[in-house]
1. Being at pLDDT below 95 and out of contact with any strand residue (DSSP E or B) (no Cβ under 8 Å at 6 or more places or on another chain) is the filter; apply it to region 79-98 and report the residue that is farthest from VAL67 (Cα to Cα).
2. So, restricting to helices (runs of 4 or more DSSP H) that lie completely within region 77-160, which ones have at least 2 residues that are farther than 30 Å from THR174 by Cα and among the acidic types (Asp, Glu)?
3. Which residue out of VAL80, VAL93, VAL134 is under 18 Å from ILE309 (Cα atoms) and either of a type in the set (S, T, N, Q) or over 18 Å from the mean Cα position of the chain (by Cα) (or both)?
4. Just one of the numbered conditions (1) surrounded by fewer than 20 Cβ atoms within 10 Å (Cβ to Cβ); (2) touching a Phe, Trp or Tyr at 6+ places or on another chain (Cβ under 8 Å); (3) in contact (Cβ under 8 Å) with a residue 24 or more places away in the chain is not true of ALA263; which one?
5. What's the total number of residues in region 205-245 that are modelled with pLDDT under 95, touching a helix residue (DSSP H, G or I) at 6+ places or on another chain (Cβ under 9 Å) and more than 21 Å from VAL165 (Cβ to Cβ)?
6. With GLU108, GLU90, GLU147 as the choices, which residue is touching a residue at least 12 places away in the same chain (Cβ under 8 Å) and assigned by TED's automatic domain parsing to the domain that holds PHE64?
7. Using beta carbons and a limit of 9 Å, which pairs, at least six apart or on different chains, have the first residue in region 185-201 and more than 12 Å from VAL156 (Cβ to Cβ) and the second one buried (at least 16 other Cβ atoms within 10 Å of the Cβ) and acidic (Asp, Glu)?
8. In this structure, does GLU280 turn out to be modelled with pLDDT under 95 and of a type in the set (D, E, K, R)?
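The values are calculated or read from the model by the stated rules, or taken from the named source; none is laboratory data. The shown structure was predicted, so the numbers you read here are calculated from the model rather than taken from an experiment. We place every Cβ from the backbone using ideal geometry, glycine too, and count neighbours over all the protein chains shown.
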Amino acid sequence: MKALILAPFSATALARLGQSMEVIYESWMDTRKLLSSDELVQRIQGQDMGVVVIEADFISRELFENVTKLKLLGVCRADVVHIDVEAATEHGVLVVNAPARNNIAVAELVLGLMLSLVRNIPVSHDMVISRKWVDPTAAYFSLRGTELTGKTIGIVGFGAIGKQVAKMLSVFDTSILAYDPYVDADQAKDSGVKLIELDELMAGSDIITLHCSTAPGAIGLIDASRIALMKPTAYLVNTASTYVIDMDSITQALKEKRIAGAAFDVYETWPVRPDSPLLELDNVVLTPHIGGATDETILRHSQMITDDIERFLRGEKPKNLVNPQVWDERI
């Protein structure tokens, strides 16, 4: 059996897989290209690929309907919305993912964005390098910030990333609130977090950070009415998805200074379109979707996917199996 690895992968993991099967490694970060469905079908069928590992490629029903040799699809992400899992299941293809591969990376960026907002770090940097710092005391007045310590932080979505954010925030002596309808209150309490309703969280938090999934129930969760509940001194950080928030409403609130500021790592388009109103605001911090972009994220997903491929080759059930019914039907 051969494996086609189209995701960035660690050298150690590639060497491990190479001991059990022939591996062809073509990371999209090297080729700067995502394969079309037709190209993938040709590669899988023409080169006898039983295992394919992807990160950013979109895998549609069309692919599963036109391949007979694919046995396992590895997805180097927690979210598999870009994969037609139903079609994979219908055609007997195992799908494994890499849950929480980037939870530390995203959580650390969130803390960085929070500190950037409350301490005006990007503006301060710009003042110095643009040679606008001519009055030695001016920054004490124009860039005076506030501290994370003592603040109330609201976490919307208390999964792997939300929990990691809460853990990291504990050193700042903050009060942490969370909203997640799928989490038990006792479980949140064990993490030092108070689980409350979303409207209460929006109204009572000094900083709100979004970590909910892109599931249908989360789309539009942070709407205009909930944005209106925020304190005028509050900040919002979004590293989750633009689908969960009304971008027109949050942009308007920022323009009118009805909230203190916001930070975004996710957008409606990538890159941000040149006419985006976010680019005109002076109370935002914007990063180019780098939440999970760390060397350690690649190491983690490489190990998780490799572990599950090796389990599969030994005839064992993969650990991070998205469609376990396919495995159950094999038995």
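1. ASP79
2. Output list reads 85-90.
3. Step by step, each of VAL80, VAL93, VAL134 is checked, and only VAL93 is under 18 Å from ILE309 (Cα atoms) and either of a type in the set (S, T, N, Q) or over 18 Å from the mean Cα position of the chain (by Cα) (or both).
4. For ALA263, the exception is condition (1).
5. 2
6. Working: GLU108 fails: assigned by TED's automatic domain parsing to the domain that holds PHE64; GLU147 fails: assigned by TED's automatic domain parsing to the domain that holds PHE64.
Criteria check complete, one pass: GLU90.
7. What qualifies is ALA188/ASP180.
8. Working: modelled with pLDDT under 95: no; of a type in the set (D, E, K, R): yes.
In short, no.
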